[in-house]
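One structure is given below, encoded as structure tokens.
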Amino acid sequence: MKAFSYQRATSPMDAAAKATVTPGARFIAGGTNLLDLMKLEIEAPTHLIDVNGIGLDKIEKTEEGGLRIGALVRNTDLAAHEDVRRDYGLLSRALLAGASGQLRNKATTAGNLLQRTRCPYFYDTQQPCNKRKPGSGCSAIGGVSRQLAVVGASPACIATHPSDMAVALRALDAVVETVDAKGMARAIPIADFHRLPGETPDVETALTPGELITAVTLPKPAGGKHIYHKVRDRASYAFALVSVGAIVQKDGSGRVALGGVAHKPWRVEPADALLRRGAKPVIEHLLADAQPTAENSFKVTLVERTLAAVLAEARA
Amino acid sequence: MQALEENGVSRRGVLIAGAGVIAATAAPGAEAQPMPQATVPVSFEVNGERRELTLDARTTLLDALREHLRLTGTKKGCDHGQCGACTVIVDGRRINSCLTLAVMHEGAKITTIEGLGRPDRLHPLQAAFVKHDGYQCGYCTPGQICSAVAMLDELKAGLPSHVSETLTERPQATDAELRERMSGNICRCGAYSNIQEAIREVAGVRA
Ligand SMILES: Cc1cc2nc3c(=O)[nH]c(=O)nc-3n(C[C@H](O)[C@H](O)[C@H](O)COP(=O)(O)OP(=O)(O)OC[C@H]3O[C@@H](n4cnc5c(N)ncnc54)[C@H](O)[C@@H]3O)c2cc1C
Ligand code: SF4
Ligand code: FES
Ligand code: FES
């Protein structure tokens with residue numbers, strides 16, 4: 001690990017201000033992704049700003065009847081929160097399908113959203129990777145790509161976003177709230193928060209340098225059945241090959257978002273309107289522009305069957 | 001829940017010791033600049049004893065325990081959050097001590113395998129692991145036991161898991177629940193069935 005200096009922030013604005021004055025500074029929350037990558041020197045911040053203990057660990061009701069989830073709320077606490085279990089079961093289920101008990105006790109809302117890809121070449125510092133080293137090339141194209149994206153990818157990068165939580169937040173129409181060094185607050189709809197890789201796969205979100213996530217808000221409960229199905233190589237403690245998060249109403253209408261298929265949680269709103277006609281038309285719409293590799297074309301079939309299972313469960 | 005919250009504002013603020021000391025770590029190409037030296041004082045309680053350390057900020061909690069405090073019961077398996085060998089209990093919660101910095105735990109109460117019981121007075125889970133032969137090489141065992149202790153508290157507190165049938169009813173100590181909740185602890189020797197026997201005895205699962 002490269003040397004860095006360490007400092008505790010005293011407030012959200014103080015954290016953003018500190019990050020802006022020190023080039024190479026990063027926030028640290030749970031540390032479960034950042035430290036992992038720092039040990040491999042894939043990330044090498046010169047300065048760490050600890051954002052634990054600045055009051056961002058609360059879950060509150062919003063005036064609109066929704067929920068405001070602090071950026072530092074641990075994944076365990078979010079999954080177990082009474083209102084989340086009752087009204088946003090999809091979010092609880094997605095969180096509980098991720099990582100392990102130990103990791104969820106540390107992992108935070110913001111850190112989970114900002115976790116980086118699990119593309120094997122991103123982790124292997126001996127190999128070219130445009131995301132890790134812009135302009136060096138993409139080893140995954142023509143390489144081992146079983147885990148990687150089938151839709152929304154680019155000739156520069158075919159990585160996926162690994163978060164389960166983000167899939168649920170996408171289906172729930174969450175909004176990411178931030179503050180910058182000047183104290184300016186922003187609200188970014190989850191649909192616009194993560195970027196597609198395009199020509200700059202190293203730029204992953206809409207955040208500006210030093211901008212701090214303060215909370216994620218959920219609109220008032222949508223009702224319906226909340227189902228999250230994750231398909232992985234072992235039954236627990238593994239990342240998704242594909243996942244489906246859905247909210248299905250009594251009349252069969254609803255919404256659906258996919259994980260494990262793209263650089264961001266994948267939802268195409270017009271596809272929701274096809275839900276009553278079954279899994280096939282929905283997936284055909286969602287993956288209309290899919291360009292799977294020879295190694296991961298199985299994901300197209302797998303995700304359709306997973307959605308079919310979700311819809312069967314919703315009807316049951 | 002968060003250690004740093006407990007003592008409030010007084011402990012917060014800049015914690016860079018010896019700011020202004022030249023460190024030879026300037027980025028190549030960059031002009032040599034005075035950099036804050038990256039050692040940080042931290043104090044926490046380990047197994048009921050107050051410990052004060054001044055550490056390179058890079059020191060993980062795992063390395064602080066093993067290399068600085070010589071508490072070598074906690075093991076380093078993967079050092080990347082993938083095996084659970086380094087599991088310790090911090091402020092009542094199990095975490096992977098390899099993926100957290102020691103300096104992030106100012107004021108925390110840390111329990112390691114050494115603090116759970118003693119050879120002459122074993123923790124019930126330690127005794128159950130002995131009785132059921134819940135290990136072969138023993139390398140994953142301290143992590144398994146620390147994890148299981150905190151896991152049973154999570155279950156008692158009614159926290160849901162991936163295999164819980166509903167999110168609204170209290171989860172029960174079933175075999176499926178125990179297995180899922182212990183999935184963050186890998187045993188390279190594959191002693192899982194005996195580990196499961198030990199934990200289910202303490203959890204009171206009936207056959
Ligand atoms: C073995 C293993 C298995 C895993 N399995 C899964 C899985 O199955 N599913 C899944 O979804 N995840 C999984 N994870 C990933 C885990 O969920 C993430 O590591 C975790 O959510 C990151 O949260 P954190 O608080 O620890 O983030 P950190 O590591 O502290 O931070 C991550 C990034 O977010 C930035 N950041 C943190 N807080 C803020 C803020 N408030 N504002 C702006 N930037 C911020 C940091 O600067 C850093 O760049 C796994 C991880 C491991 C190690
Ligand atoms: S897919 Fe993206 S992350 Fe993977 S090697 Fe290519 S550029 Fe890097
Ligand atoms: S050593 Fe920490 S999880 Fe493996
Ligand atoms: S007993 Fe050897 S690794 Fe578990």
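For the protein assembly as shown, the solvent-accessible area with a 1.4 angstrom probe is 42 square angstrom per residue.
Within a straight-line Cα-Cα reach of under 14 Å, residue A:106 can be paired with the following aspartates and glutamates, leaving aside sequence neighbours fewer than 8 residues apart in one chain: A:36, A:50, A:57, A:77, B:91. Taking 27 Å as the straight-line reach from the Cα of residue B:131, the lysines in range (excluding those fewer than 8 positions away in the same chain) are B:75, B:76, B:156.
Which of the DSSP-defined H helices in chain A satisfy a minimum axial length of 18 Å, computed from C-alpha atoms, and a minimum mean Kyte-Doolittle hydropathy of -0.5? What comes out of the filter, once short or polar helices are dropped, is A:298-315.
Counted over the range B:41-115 with a bin width of 10 Å, the fraction of Cα pairs per bin, in whole percents, is 22, 61, 17. With the largest listed first and rounded to whole Å, the semi-axes of the equivalent ellipsoid of the range B:71-176 from the Cα gyration tensor are 23, 19, 14.
Based on Cα contacts under 8 Å between residues 6+ apart, the range B:41-115 shows a relative contact order of 41 percent.
Note on the protein assembly as shown: the C-alpha convex hull projects to 24.8 nm² when averaged across all orientations. For the peptides A:149-159, B:86-96, B:174-184, the ranking by mean Cβ contacts within 10 Å, running from highest to lowest, is B:86-96, A:149-159, B:174-184. Using every pair of separate Cα atoms, the Kirkwood estimate puts the hydrodynamic radius of the range B:124-203 at 12.7 angstrom. A simple packing score, the average count of other Cβ atoms within 10 Å per residue, orders the peptides A:17-28, A:164-175, A:205-216 as A:164-175, A:205-216, A:17-28, with the highest score first. Counting only lysines at least 8 places from residue A:225 when in the same chain, those with an alpha carbon closer than 21 Å to its own are A:250, A:280.
Karplus-derived 3J(HN,Hα) values for the range B:81-88, using 6.51 cos²θ - 1.76 cosθ + 1.60 with θ = phi - 60°, are x, 9, 10, x, 4, 8, 4, 10 Hz; glycine and proline are entered as x. For the segment B:147-153, counting C-beta atoms of other chains within 10 Å of every residue's C-beta and taking the mean gives 1.
When a 1.4 Å probe is rolled over the protein heavy atoms, the share of accessible surface on the range B:41-115 that falls to carbon and sulfur comes to 40 percent.
Once C-alpha pairs closer than 8 Å and six or more residues apart are averaged by separation and normalised to the residue number of chain A, the relative contact order reads 18 percent.
The helix-based estimate of mean residue ellipticity at 222 nm for chain A, built from -39,500 (n - 2.57) per DSSP H run of four or more residues and divided by its residue count, is -7500 deg cm²/dmol to the nearest 500. Here each label is just a point 7 Å from Cα along the line to Cβ, and for residue A:136 and residue A:40 those points are 1.1 nm apart. Note: relative contact order over the range B:124-203, using C-alpha pairs below 8 Å and six or more positions apart, is 49 percent. Counting only the Cα atoms, the range B:146-188 fills a convex hull of 66 Å³ per residue.
The values are calculated or read from the model by the stated rules, or taken from the named source; none is laboratory data. This structure is a prediction, so every number in the text was calculated from the model and none was measured. Every residue, glycine as well, gets a Cβ built from its backbone with ideal geometry; the counts of neighbours run over all protein chains shown. The area values use the complete protein model at the heavy-atom level, side chains included, leaving out ligands, DNA and RNA. Shrake-Rupley method; radii C 1.70, N 1.55, O 1.52, S 1.80 Å.
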